[in-house]
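Since the structure comes first, as C-alpha cells, the remarks are kept for the end.
The values are calculated or read from the model by the stated rules, or taken from the named source; none is laboratory data. Because the structure is a prediction, the values reported are computed rather than measured. Methodologically, a virtual Cβ is constructed for each residue, glycine included, from the backbone with ideal geometry; neighbour enumeration extends over all protein chains shown.
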Amino acid sequence: MAESRTWSLKARVALAVGAVLILGGVVVLSVALSYGGRAAREAYDRLLLGAANDIAAAITIRDGAALVDMPASAFQMLALAPEDRIRYRVTGPDGATLTGSEDAPPPPERRAGGGPVFYDGDLGAEPGRYVAVTRRFAERSFSGPVRVMVGQTLRARQALARDIAGGALAVLAAAGLAIGLFAWLATRSALRPLQRLGAALARRDPTDLTPITLPMPTEIAPVLGALNGFMGRLDRQVAATRNLIGDAAHQLRTPVAAIRAQAQDAQEEQDPARRARLLARIHERSIGLSQLLDRMLDRAMIIHRTDTAPRAAVDLRDVALEIYEALEDMPGGTMMRLELPPAPVVVRGDALSLVEAGKNLAANALAHGRAPIRIGVARDNRAVRLYVRDAGPGPGAAILEGMGARFASHAPGGAGLGLAIAREVAQSHGGTLRLGLCEDGFEAALSLPKAGA
Amino acid sequence: MIRAALLALTLLAAPAAGQELIRDFGAPTATETLRLRSTTDIAVLGPVIERFLETRPGLHVAYEQWGSNALYRLQAADCTAARVGADLVISSAVHQMVDLVNEGCARPHRSAATATLPDALVWRDELWGVTREPAVMVYNRDLVPPAQVPRSRFDLLDLLRPTESPFRTRVATYDIERSGLGFLFAFADSLEATTFGGLMESFGRSGAVATCCSAEIIDGVAEGRYLVAYNVLGSYALVRARRDPRLGVVAPQDYTLVLARAAMIPREAGQPRAAAQFLDFLLSAEGRAALERAGLLVRLDGEDGTALEISGTAETLQRPIALTPALLIALDTHKRALFRARWRDAFPETGGTAP
C-alpha cells in the first residue's frame, strides 16, 4: 500500500510556533525599541530638567544684574550620564548670554509658555537634547525672564534604550525557548494516543475485526469510533459472504442432487409418458432452485446495501404500493389488498431494501397464508409498521420460535431465508421484525422508528 | 639634581603668554614626528620621553612647553578651525582639558593600558589622567616643633585660631588669580568639604599670604618666612624636600587632593597612532616607573621612601580630581567671579596682577 506522507504534525506545530515567535519577536522588538527610547528619553530629560532647575534656582539679583552661582549639584546630576558631553547657557531678558556657552541653541520659539521646553539640538558634531527653563524676575532693579538652557549628548540615552530593548529581547528569547519546549512536549504527548492506536492495530491478528477498546482523548475518539464502525461493517460483510457460501452449500446441495437423480432417471426411462412426467418435475424443481438462488443473492445484496446505501426519507406508502405492484402477477396476487393511511408515513432508510424485505414477507404470505392477504402501513405510538396480514392462523409456535434464523429450512420454498432478509433490513434501519397473531389472522411486520423521532 | 633645579624654576610657573620652550627628542632622521604639547617642564618629562623612544627608534618627538592658559586657547582655536596641530596634549589644568573634550575636540582611544585606569581618571575614552600628584602641606622642620606639625586641615585651623599664634601671617598658599593650579586646588577644596569656608576665614583673620608661585612659596618655607604652605603641588615639594632637610611634606589626613595631569589626542592629530602609543607607554608599568622617577607619580602608600609624611590609609585620604564634566563649573564665568570675590575676602589685594 502506498503511503502518502504530508508534513508531520511536529513540523506543523514547530512552524506555527516559530511563526508566532518571529512575528511576536518583530512586534516586541519594535515596541521594546520605541518603549526603551521613550523611557530613556524621559529618564534623562528629567535629569536635564533637574539640572536646569538647579541652575535656575541659583540665579540671584545683585546690583541690578542676574548672577548665577552655578551649583555643583547640577553638574554632578548631568555627570550621571558619565559619557555625555554637556553644554549650558544662561541668557538675560535681552537675550545676551550671562554665562555658559554661546553655542547652546535657543529653544524653538513657537512654544513660549512658562513651562520647561525640551528640544533637540546639536553639540558640535554630535546630536543632543536640550531643555530650556525660564525664570521670571520682578525686582525693583531687575525684571524680565532669565532663561537657562542645558543640553547633553545622547550616549547614555542610547545605551539605556539599548539595555531596555535588549532586556525585553532576552525575556522574549527565554519565553520563546520555553514555548518551543512546551509545544514540543505537548505535541509529543498529544500524538501518543495515535501511536498507541497504531501499535494496537499492528499487533492485531489479521482476522480480528472486533472493536478496539482503548482510552482515547475526545479529539481522537471519533477516529477510533469510525475505525471500529468500519471494522464492524467489514465484519458483517465478511460474515454475509461466509453465510452466502454456507447457505448456498447447505440449501443448494439437496435440490441440485435431486435434480441430478431425476435427470438420470429421465435419461434411463424408456416410457415416454413417465419420462415427460419426470422432465416436468425436473423443470419444477429447477424453478424452485432458481427462486432460492434469487433470494439468496437478494439477501446478500440487501445485507450489503444495509451497510452501504445512503439513507433518505422514504414514504412507507410508496414502499407498500411497490410491493403490491411487484406481487400482483403472482398466483393469488389479485386477491391482495392495500391498506394505506391518507397521510405520508415517513422513515429514514433505503427504499430498495425495504421493498425487498416487504416483498419477502408478502411472498411468504402468498405462499403459506390464507387469503385475503393485506399489505398496509400503520402508525403506532413511536414507531411505524409496514405489515403483511393473512387470514390464517400462522405457523405453529414452535416454528415461529425458529423463524428468521438463516437455516429455517423447514419452511418450504426458502421462506426462512425471506424472513431472515426482512429481519436484517429491520435491524439495519434501527427497527425489528415482528411476527404474531392479530385480531383476524397472522401479521408479519417491519416495525421502524419514525423519521425525526 | 639638575633636573630638580630646573623643575624648581619652571614647574607650575605663572601662566605665560605663549609657547615657552621647544625641544626635539630622538633621531632627526626619523620618519615620524610626534608633536607633543604640554604644561609640564621639558626637563621633567624629558627622561620619560627618552625612555619611550628607546622602544620606538623610528620616532621623533617635538616637545612644546606651554603655559596652561595659552595652551588651552591654542587648542580651542585649533579645534574650531579644524587645524592640524599637536598629536598629544598633556596639561595640569585638567578643567580646561575637560572643556576641550566636552567641545568635541578630542579623538577616542581604547587599549588594554587605558582600561587599567580607574573610572575617575578616564572620560569618554578621550581624556586620561596620566600622573598622580598630591596637594600637600609643606612646613619648616626647624621652626615648627613636631607636636605642632599640622596633619590635617583641622590641625591647621587650630594652629591659626589663637590670636597670639606664631603662625599668624606665616602661612602661605597659591594666589588663585595668578596660579591656574592654585585655583583648581582651591576650587576642588570648596567642592570637597565645608572645611574650606573655615579655612578661608582663618586665612583671612590670621593674615595668611597668597602668593605666586610654587618656587617662591617653597623657598619662603625653607628660609623661614613662612612656617606652613598649604595646597602645594606634592610632586614639586617632594623633589625639593629630598635635598633640603629643612622642608617637611605632609599629606593631609582628612583628605588629600590628587591631581592627575590629563592627556588627550586632538581630533585633528596628524599622528594619532604614535600619540596613542606614547599614551599607552605612560600608562604601562614601564612608563609609570619612569613617571615615578620623574616625581610625577607620587605613591601615597609611603613605601617608596619619599619624604611624604602620611597618617591614615591611602584609600581613605585620596581624593583624585575626577575627570568629569563637573569640572566645567570651574570655567563658568559667574562661578569664577563669585569664587574670586570670596577669595578676595580672605586675601585682600596685595598688589598682585589681576588676570
Would a scan of the stretch A:31-49 turn up a residue that is more than 14 Å from chain B (Cβ to nearest Cβ), part of a loop (DSSP other than H, G, I, E, B) and under 27 Å from A:V150 (Cβ atoms)? no
Any chance you could count how many residues in the stretch B:291-345 are in a loop (DSSP other than H, G, I, E, B), of a type in the set (D, E), over 23 Å from B:E177 (Cα atoms) and at pLDDT 85 or above? 0
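Taking B:D99 as the residue in question, decide whether it is farther than 26 Å from B:R293 by Cα, touching a residue at least 24 places away in the same chain (Cβ under 8 Å) and more than 14 Å from chain A (Cβ to nearest Cβ).
Details: farther than 26 Å from B:R293 by Cα: yes; touching a residue at least 24 places away in the same chain (Cβ under 8 Å): yes; more than 14 Å from chain A (Cβ to nearest Cβ): no.
Answer is no for this residue.
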All conditions in (1) away from chain A (no Cβ under 14 Å); (2) farther than 16 Å from B:R261 by Cα are true of B:P108 except (1)
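Can you tell me which of A:R295, A:R311, A:R337 is under 37 Å from the mean Cα position of the chain (by Cα) and not hydroxyl-bearing (S, T, Y)? Show your work before the answer.
Details: A:R295 fails: under 37 Å from the mean Cα position of the chain (by Cα); A:R337 fails: under 37 Å from the mean Cα position of the chain (by Cα).
It is A:R311.
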Top-ranked residue in the stretch A:50-72 [being surrounded by fewer than 16 Cβ atoms within 10 Å (Cβ to Cβ) and among the β-branched types (V, I, T); ranked as nearest to the other protein chains (Cβ to nearest Cβ)]: A:T60
What's the number of the only condition in (1) at pLDDT below 80; (2) assigned to a helix (DSSP H, G or I) that B:E50 fails to meet? (1)
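Quick one: how many residues across the stretch B:158-187 are of a type outside the set (A, V, I, L, M) and free of Cβ contacts under 8 Å to residues at least 60 places away in the same chain? Spell out how you get there, then give the answer.
Looking only at the stretch B:158-187, we keep the residues that are of a type outside the set (A, V, I, L, M), and these are B:158, B:161-170, B:173-175, B:177-180, B:182-183, B:185, B:187.
Checking which are free of Cβ contacts under 8 Å to residues at least 60 places away in the same chain leaves us with B:158, B:161-165, B:168-170, B:173-174, B:182.
Residues in the stretch B:158-187 being of a type outside the set (A, V, I, L, M) and free of Cβ contacts under 8 Å to residues at least 60 places away in the same chain: 12 in total.
Each row is one residue, and each column tells you yes or no for (1) out of contact with any Lys or Arg (no Cβ under 7 Å at 6 or more places or on another chain); (2) under 20 Å from B:E103 (Cβ atoms).
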site	(1), (2)
A:G124	yes, yes
A:P127	yes, yes
A:T134	no, no
A:F137	yes, no
A:S143	yes, no
A:V146	no, no
A:M149	no, yes
A:A156	yes, yes
A:A159	yes, no
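Within the stretch A:264-286, does at least one residue satisfy the condition of being under 51 Å from the mean Cα position of the chain (by Cα), surrounded by fewer than 16 Cβ atoms within 10 Å (Cβ to Cβ), part of a helix (DSSP H, G or I) and not acidic (D, E)? Break it down stepwise before answering.
Taking the stretch A:264-286 first, the residues under 51 Å from the mean Cα position of the chain (by Cα) are none.
Taking every residue of the stretch A:264-286 in turn, none turns out to be under 51 Å from the mean Cα position of the chain (by Cα), surrounded by fewer than 16 Cβ atoms within 10 Å (Cβ to Cβ), part of a helix (DSSP H, G or I) and not acidic (D, E).
I'd like the residue in the stretch B:18-47 that is in a helix (DSSP H, G or I) and touching a residue at least 60 places away in the same chain (Cβ under 8 Å) and, out of all such residues, is farthest from B:L282 (Cα to Cα).
In the first step, residues of the stretch B:18-47 are kept if they are in a helix (DSSP H, G or I); the result is B:42-47.
Checking the rest, the ones that are also touching a residue at least 60 places away in the same chain (Cβ under 8 Å) come to B:44-45, B:47.
Values: B:V44: 14, B:L45: 11, B:P47: 12 Å.
The residue in question is B:V44.
Pick out the one residue from A:T254, A:T241 that is of a type outside the set (D, E, K, R) and more than 25 Å from A:A309 (Cα to Cα). Break it down stepwise before answering.
Values: A:T241 fails: more than 25 Å from A:A309 (Cα to Cα).
One residue alone meets the criteria, A:T254.
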How many residues does the stretch A:92-117 hold that are hydrophobic (A, V, I, L, M, F, W, C) and touching a Lys or Arg at 6+ places or on another chain (Cβ under 7 Å)? 2
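Quick grid of which residues meet (1) farther than 26 Å from A:A104 by Cβ; (2) away from chain A (no Cβ under 14 Å); (3) at pLDDT below 95; (4) buried (at least 18 other Cβ atoms within 10 Å of the Cβ):
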site: B:A81; (1), (2), (3), (4): no, no, yes, no
site: B:V84; (1), (2), (3), (4): yes, yes, yes, no
site: B:A93; (1), (2), (3), (4): no, yes, yes, yes
site: B:A113; (1), (2), (3), (4): yes, yes, yes, yes
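So that you can scan it fast, the table gives a plain yes or no per residue for (1) outside the structural domain of B:S68 (by TED's automatic domain parsing); (2) within 30 Å of B:R73 (Cα to Cα); (3) within 23 Å of the chain's Cα centre (by Cα):
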position: B:E126; (1), (2), (3): no, yes, yes
position: B:F154; (1), (2), (3): yes, no, no
position: B:P166; (1), (2), (3): yes, no, no
position: B:E177; (1), (2), (3): yes, yes, yes
position: B:A186; (1), (2), (3): yes, yes, yes
position: B:D189; (1), (2), (3): yes, yes, yes
Going through A:M231, A:M296 one at a time, which residue ends up being in a helix (DSSP H, G or I) and at pLDDT below 80? A:M296
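Which of the residues spanning the stretch B:121-132 are facing another protein chain (nearest Cβ under 10 Å) and not β-branched (V, I, T)? Lay out the reasoning, then the answer.
Pass one, the stretch B:121-132, residues facing another protein chain (nearest Cβ under 10 Å): B:122-126.
Passing the criteria: B:W123, B:R124, B:D125, B:E126.
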Among the candidates A:A39, A:A56, A:A32, residue that is farther than 30 Å from B:H334 by Cβ, at pLDDT 90 or above, in the same structural domain as A:A79 (by TED's automatic domain parsing) and out of contact with any Cys (no Cβ under 7 Å at 6 or more places or on another chain): A:A39
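With the stretch A:73-145 as the region, which strands (runs of 3 or more DSSP E) entirely inside it contain at least 1 residues that are surrounded by fewer than 17 Cβ atoms within 10 Å (Cβ to Cβ) and within 14 Å of chain B (Cβ to nearest Cβ)?
Working: elements: A:86-91, A:97-100, A:117-123, A:126-138.
Where strands (runs of 3 or more DSSP E) fall fully within the stretch A:73-145 and carry at least 1 residues being surrounded by fewer than 17 Cβ atoms within 10 Å (Cβ to Cβ) and within 14 Å of chain B (Cβ to nearest Cβ), they are A:97-100, A:117-123, A:126-138.
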Subset of the stretch A:146-168 that is among the charged types (D, E, K, R) and more than 14 Å from every other protein chain (Cβ to nearest Cβ) - its residue that is nearest to A:S34 (Cα to Cα): A:R162
